[in-house]
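First up is the structure itself, then whatever we jot down about it.
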Amino acid sequence: MDISGRVNGEFDNTWDDPQKRSPLVPEHYKFGDVTEQVCGVTEAWRPPKAWYVAFAISVSLLGLLGAMIVYLFFTGVGVWNLNNPVGWGFDITNFVVWVGIGHAGTLISAILFLFRQKWRTAINRFAEAMTIFAVICALLFPGIHVGRVWLAYWMGPLPNQMAMWPNFRSPLLWDVFAVGTYFTVSALFWYCGMIPDIATLRDRAKGPIRRFAYGVLSLGWTGAARHWHRFERAYLVLAALSTPLVLSVHSVVSFDFATSVLPGWHTTIFPPYFVAGAIFGGFAMVLTLAIPARQLWGLKEIITARHLENMCKIILATGSMVGYAYGMEFFIAWYSGNPYESFTFLARAKGPFAWAYWTMISCNVLAPQLFWFRACRRSIPIMFFVAMCVNVGMWFERFVIIVTSLSSDYLPANWGGYRPSWVEICTLLGSIGLFMTLFLLFIRFLPVIAMAEIKTVMPAAHGTGAHAFDYNPDEPKEHPQVSEGRQ
Amino acid sequence: MSFCFCLSLSLGGLFFTILQHLTRAGWSVVVRRVAENVAGVLPVLAVLSLPIVVAVAAGWPDSIKDVYEWRGFDPAAHVAEATPAATAHHLLLKKQAFLNPTFFTIRIAGYFIIWWWLVGFFRGNSIRQDETGDPGLTSAMQSRSALSMVLFALTTTFAAVDFLMTLDPLWFSTIFGVYFFSGGNVGFFSLLALTMCLLHRAGRAQKALSIEHFHDVGKLMFAFIVFWAYIGFSQYMLIWYANLPEETGWYLIRQEGSWKLMSLFLLLGHFVAPFLALVSRWPKRDPSTLIAAAAWMLLMHWFDMFWLVFPHAEQSVVSADPRLDTIHAAALVWTDGLQCVTCLLGVGGIFVWKMARNMASASLIPTRDPRLHESLAFENI
């Protein structure tokens with residue numbers, strides 16, 4: 001290891017010494033280096049080729065989504081293979097999955113902020129962006145599955161001459177409020193945190209369009225002490241407001257199921273279990289996006305190996321909570337002595353959807369066990385593999401919960417199967433397109449890393465760094481990524 | 001009941017200790033020793049669990065069959081068909097593989113062996129470090145903390161099921177282990193805040209403990225109060241909403257007669273009032289307020305345990321002798337009340353004694369922890 005902490009040209013800070021905290025950013029970094037690297041992502045004249053390829057695919061999928069929605073609206077929900085008894089299928093599965101993915105961002109920005117986990121600064125920005133885009137995808141599904149979409153506004157409690165109100169006792173309505181609130185607060189939080197960084201982009205902007213756009217978005221930020229003071233107060237308040245929201249949103253989503261009396265849906269552990277699952281799935285998605293992004297835009301010394309390792313640990317921890325909930329459900333299904341409960345759980349493991357169940361178990365419970373080993377937490381291919389497994393596994397978890405319970409309830413005469421139609425499958429693919437399109441645009445146009453926050457965790461911010469303030473933007477710079485090969 | 005109260009406090013201490021190693025926390029080093037000392041009572045609690053375990057194992061005295069109804073279950077008994085008793089008989093027969101004295105004893109013994117080992121490992125190594133100052137000990141504790149956490153989660157869950165949930169052998173709830181855990185942590189953080197403030201007042205560790213640490217422990221106490229309410233609400237709301245007879249019975253007995261008021265009192269005293277009292281910044285930074293809040297929460301946590309245990313005891317007394325008239329019932333309530341208090345004093349006294357012994361036996365803060373300087377310099381900004 002040389003003086004800058006590099007091993008074989010890669011910055012390595014995964015070592016662990018109780019006497020000394022390992023640095024989150026290479027110690028020789030100056031504030032200016034962070035600004036250069038992060039702004040470079042959006043200021044580059046052209047993004048990497050991979051961006052174009054990904055964008056082309058995403059936009060095509062987005063088009064597919066549009067086509068599917070148009071087809072659905074003009075033909076009716078019959079184009080989905082939903083029928084009695086399986087009245088919820090891909091639509092609600094996708095909804096729950098996307099809401100779940102939307103949890104990691106706010107967890108990182110709010111809860112990890114309150115827990116003073118400084119490593120969150122490198123990943124919070126794009127995780128929050130991911131949250132917002134995922135919630136947009138999520139909101140789409142309940143909106144389009146109602147059948148008569150032109151009446152979807154009835155979900156809101158609008159005073160009207162017919163004195164018709166939504167059913168306030170229905171968890172489905174709570175969902176509308178919970179997800180809506182979550183989206184609003186997350187978007188505010190994301191935007192509020194971005195203001196100083198947008199101002200940085202504004203100050204560096206070369207063209208008039210960029211200067212104008214960033215100028216409007218940065219709300220006249222000058223970096224004055226008074227601005228910072230208000231900013232930090234607002235940030236803390238928003239963090240405190242978002243923290244209960246992280247828990248409440250997925251709890252309310254779980255109420256959609258758990259307030260019913262259907263075996264396999266009605267169980268008291270559902271709220272915390274859904275929250276843990278959401279964070280689990282959300283972090284897997286953060287990893288899925290972070291790994292290629294840091295590679296493509298040369299951010300490896302900002303989103304370091306240690307950040308990835310920490311995320312692996314969170315995946316392992318929340319994955320264990322999910323495993324605990326699976327185990328508890330099984331135990332109580334037996335312990336309750338309720339034949340319907342035990343039947344449902346055995347049917348999941350052995351019935352017609354056993355393939356989905358075992359996919360879920362192997363992806364959600366078995367795959368993350370690799371993260372017990374340090375070597376696996378440091379190997380990018382393994383990490384990526386596990387993250388993809390969890391993405392798939394969490395989708396199947398929701399599918400298993402929704403479809404198995406609906407397909408075989410109390411009355412055998414009421415049982416029935418479910419097979420998704422091509423429209424449902426294309427809509428799912430299309431929603432991935434929507435998500436990726438928004439995300440790729442975000443990377444291209446907004447500050448992908450919270451520069452201002454990263455700087456607060458660098459030694460220079462605490463007066464101990466050697467070159468805290470000797471940054472001169474006119475001085476020709478030696479880019480840290482370029483110098484890698486020389487080590 | 002008092003035993004479960006103390007047990008939950010110690011387990012809270014154990015959880016906190018393991019968690020600090022798991023997250024490599026720096027701020028908490030100066031308060032960790034108190035947590036270790038609270039967890040260090042677990043071996044004594046193992047002894048205190050003997051009256052329950054031996055009574056279940058031996059089936060003597062007979063009253064244990066009123067406490068744990070399943071202990072009095074006779075598989076060969078004949079019950080009239082299509083009655084509630086027949087349903088209960090049928091269910092208990094199914095559960096016999098789990099609810100039998102032998103397995104119960106083995107399980108409890110297993111939990112205490114695991115806890116004993118965990119306490120020995122974490123507290124022991126921490127004290128050893130006071131002498132050697134070896135940072136390797138911290139690394140060793142860190143590397144084992146993850147697996148320890150898994151062990152802790154499983155044992156605590158099943159201990160809650162065994163000691164408390166099986167008081168009503170027919171009732172079940174998947175979240176019950178989490179409920180016990182959350183309440184225990186409310187109790188533990190209250191105890192921690194109380195101990196720290198009192199130590200500070202008594203002039204001990206004054207240079208190490210500061211208002212910043214009180215603030216943080218206060219925050220954690222507040223967080224767990226809210227978490228407890230969240231878990232309690234999840235359990236209640238789902239059972240209330242689905243309204244299935246096999247689940248609602250448990251809440252029904254807590255909503256009838258005087259228990260109705262007690263349940264409301266629990267809601268107000270354990271969540272609403274402390275939430276309002278602690279939500280601001282200043283109460284957590286003012287030792288006198290923090291002491292008052294912590295003492296109150298400790299009391300409320302005890303009341304939570306009372307609320308978990310007592311309705312069943314009352315039920316079994318009433319069902320055992322339906323001829324009890326009101327005067328007798330009132331007299332019983334008074335003797336019960338007296339027993340509660342004396343029992344709390346007894347078990348709690350032993351708990352405090354052991355905790356004090358633990359505190360006397362080692363330095364009050366881990367003096368040579370490699371992250372001590374972070375904790376000493378810690379400030380909330």
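The values are calculated or read from the model by the stated rules, or taken from the named source; none is laboratory data. Predicted model, so just to flag it, every value in this text is computed and none were measured. Note that each Cβ is placed from the backbone with ideal geometry, even for glycine, and that neighbours are counted across all protein chains shown. The protein model used for the area step is the full one, side chains on, heavy atoms only, and it has no ligands, DNA or RNA in it. Shrake-Rupley method; radii C 1.70, N 1.55, O 1.52, S 1.80 Å.
Computed values, structure above
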quantity: Rounded to 10°, Cα long-axis angle of helix B:2-22 versus longest principal axis of chain B; calculated: 40
quantity: Probe 1.4 Å, protein heavy atoms only - accessible area per residue of the protein assembly as shown in square angstrom; calculated: 43
quantity: Area projected by the alpha carbon convex hull of the range A:192-345, averaged over all directions, nm²; calculated: 12.9
quantity: Longest to shortest principal axis, alpha-carbon extents of the protein assembly as shown, angstrom; calculated: 92, 74, 53
quantity: Residues of the range B:189-233 with amide N under 14 Å of the 7 Å Cα→Cβ point at B:Leu372; calculated: B:205-209
quantity: Calculated log₁₀ intensity ratio I(q)/I(0) where the Debye formula runs over C-alpha points of chain B, q = 0.06, 0.09 Å⁻¹; calculated: -0.25, -0.55
quantity: Portion, in percent, of the accessible area of the protein assembly as shown that falls on carbon or sulfur, probe 1.4 Å; calculated: 69
quantity: Structure-based [θ]222 nm, chain B - -39500 (n - 2.57) summed over DSSP H runs of at least 4, per residue, nearest 500; calculated: -25000 deg cm²/dmol
quantity: Hydrodynamic radius (Kirkwood) for the range B:61-161, which is based on Cα pairs only, to one decimal in Å; calculated: 17.0
quantity: Radius ratio Rg over Rh of the range A:281-340, counting only Cα atoms, Kirkwood formula for Rh; calculated: 1.30
quantity: Overall form of the range A:78-130 per C-alpha gyration tensor (a/c, 1.5; a/b vs b/c); calculated: prolate
quantity: Lys, Arg +1 and Asp, Glu -1 on Cβ, resulting dipole of the range B:2-376 about Cα centre, debye, nearest 20; calculated: 1360
quantity: Spin-label model distance (nm) - A:Val70 vs A:Phe177, 7 Å beyond Cα toward Cβ; calculated: 3.8
quantity: Residue-averaged [θ]222 nm for chain A, counting only DSSP H segments that reach four residues, each worth -39500 (n - 2.57); calculated: -20000 deg cm²/dmol
quantity: Accessible area buried, both sides summed, chains B and A with 1.4 Å probe, Å²; calculated: 3700
quantity: Diffusion coefficient, µm² s⁻¹, Stokes-Einstein with Kirkwood Rh over alpha-carbon pairs of the range A:52-180 at 10 °C and 1.306 mPa s; calculated: 92
quantity: Of B:Lys65/B:Lys260; A:Lys118/A:Lys300; A:Lys20/B:Lys284; A:Lys30/B:Lys219; A:Lys20/B:Lys354, pairs whose Cα-Cα distance is over 28 Å; calculated: A:Lys20/B:Lys284; A:Lys30/B:Lys219; A:Lys20/B:Lys354
quantity: Loop-resident sites, the range B:168-267, for GluC sites (Glu not before Pro), counting at most 14 other Cβ within 10 Å (DSSP); calculated: B:Glu256
quantity: Loop-resident sites, the range A:166-210, for chymotrypsin sites (Phe, Trp or Tyr not before Pro), counting at most 12 other Cβ within 10 Å (DSSP); calculated: A:Phe168
quantity: Coordinate range along principal axes, alpha carbons of the range A:348-470, Å, largest first; calculated: 77, 36, 26
quantity: Computed P(r) (all Cα pairs; the range A:273-394; 10 Å bins; percent); calculated: 13, 40, 27, 13, 5, 1
quantity: Calculated on alpha-carbon atoms, Rg and Dmax of the range B:1-64 in Å; calculated: 15.7, 51
quantity: Cα pair distances exceeding 19 angstrom across the range A:253-314, given as percent; calculated: 49
quantity: Angle between chain A longest axis and helix A:422-445 axis [Cα atoms, degrees, rounded to 10]; calculated: 20
quantity: Rg to Rh quotient for the range A:386-426, alpha carbon positions, Kirkwood Rh; calculated: 1.10
quantity: Degrees, to the nearest 10: A:225-258 long Cα axis against longest axis of chain A; calculated: 20
quantity: Solvent-free Debye scattering, log10 I(q)/I(0), computed from the Cα coordinates of the range A:137-260 at q = 0.11, 0.13, 0.14, 0.16 Å⁻¹; calculated: -0.60, -0.74, -0.80, -0.89
quantity: Unit Cα scatterers, Debye sum, chain A: log10 I(q)/I(0) for q = 0.08, 0.10, 0.11, 0.13 Å⁻¹; calculated: -0.53, -0.81, -0.96, -1.28
quantity: Where chymotrypsin sites (Phe, Trp or Tyr not before Pro) fall in DSSP loop in the range B:77-111, at most 10 other Cβ within 10 Å; calculated: none
